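Trainee: One structure, pasted below without further comment.
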Amino acid sequence: MQEERMAPRTEPGTDAEAAPGEPGGSWTPEVAAFVERFAGDLTDAGMQRMAARVLAALLAENSGALTSAEIADRLRVSPGAISGAVSYLSQMHLLSRERQPGTRRERYRVHQDVWHDAMTNRDPLLNRWIGSLRQGIEAVGPDSPAGRRLTETTEFMEFMRVGLRDLMRRWQEHRAAATTGESP
């Protein structure tokens, strides 16, 4: 069944005057279209579809945080459809969970520097892959075609790990310079 791609409906008792993208508010058709378009881009890059929609919804939300019910309302899906998506995004360090004071409800928050955090947290993953690849090289033999392929893959992962660290350092310098008005 194809999901509707419309602005969420306003439920009775909600604040119809809230700003677009704020809890209780409704998205404009342009915001809803952006969410679906960017979610499609993320899905094309390999992200799970519902996770991509949830992430795009949180990015488009002024507060950057919504409950499961609010996400479901904006995406016009059942609240149960959100559970797996937020687990996946949390595991990928793309959102965090926080308790709403005085309730048992959780809010899901995407942080301002979500992409930086997600990329920075790749180091342990790359290290694990590199360790496994090295074991694979030993298992198949370094001089076999598979061993040469695994060696090249290992070298690429090591190159990425070092390059990513340098890229994150340069990004931090860029952000600091932008904040102070200096050129990097």
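The values are calculated or read from the model by the stated rules, or taken from the named source; none is laboratory data. For clarity, every value in this text was computed on a predicted model and none was experimentally measured. Glycine also receives a Cβ, built like all others from the backbone with ideal geometry; neighbour counts cover every protein chain displayed. Side chains included, ligands, DNA and RNA excluded: accessible areas come from the protein's heavy atoms. Shrake-Rupley method; radii C 1.70, N 1.55, O 1.52, S 1.80 Å.
Trainee: Towards the positive end of the charge dipole of the range 50-138, with charges on Cβ (+1 Lys, Arg; -1 Asp, Glu), say which of GLN100, HIS111, LEU59 has the farthest Cα.
Mentor: Comparing the listed Cα positions along the dipole, GLN100 ranks first.
Trainee: Right, another one. Please turn the phi angles of the range 82-95 into ³J(HN,Hα) values with the Karplus equation 6.51 cos²θ - 1.76 cosθ + 1.60 (θ = phi - 60°), one per residue in order, whole Hz, x for glycine and proline.
Mentor: My calculation for the range 82-95 gives 7, 3, x, 5, 6, 5, 4, 5, 5, 4, 8, 6, 9, 8 Hz in order.
Trainee: Still on this structure, please answer the following. How many percent of the accessible area of the range 41-149 is carbon or sulfur, using a 1.4 Å probe?
Mentor: Working: 2990 of 5900 Å².
Here it works out to 51 percent.
Trainee: Which value, in debye to the nearest 20, describes the size of the charge dipole of the range 141-184 about its Cα centre when Lys and Arg Cβ atoms bear +1, Asp and Glu Cβ atoms bear -1, and nothing else is charged?
Mentor: 120
Trainee: Turning to a different aspect of this structure: Treat every Asp and Glu Cβ in the range 39-184 as -1 and every Lys and Arg Cβ as +1, leave all other atoms uncharged, and give the resulting dipole magnitude about the Cα centre to the nearest 20 debye.
Mentor: In debye, rounded to 20, the range 39-184 gives about 500.
Trainee: What is the set of long-range amide H partners of THR67 at a cut-off below 5 Å, with H atoms built 1.01 Å from backbone N?
Mentor: Residues meeting the amide H criterion: TYR108.
Trainee: Let me ask something additional. Over the range 96-184, give the accessible area per residue in Å² for a 1.4 Å probe, as an integer. Kindly include the intermediate steps, with their values, before the conclusion.
Mentor: Details: 6660 Å² over 89 residues.
Averaged over the residues of the range 96-184, the accessible area is 75 Å².
Trainee: How long are the three semi-axes of the equivalent ellipsoid for the range 37-141, computed from the Cα gyration tensor as the root of 5 times each eigenvalue, in whole Å, largest first?
Mentor: 31, 16, 13
Trainee: Around PHE159, what is the net charge, scoring Lys/Arg as +1 and Asp/Glu as -1 over all other residues with Cβ under 13 Å from its Cβ? It would help to have the intermediate numbers written out before the result.
Mentor: On the way: positive: ARG161, ARG165; negative: GLU152, GLU155, GLU158, ASP166.
Residues near PHE159 contribute -2 overall.
Trainee: What spacing in nm lies between the two simple spin-label points modelled at ALA81 and LEU167, each 7 Å away from Cα in the Cβ direction?
Mentor: Taking the simple label geometry, ALA81 and LEU167 are separated by 3.2 nm.
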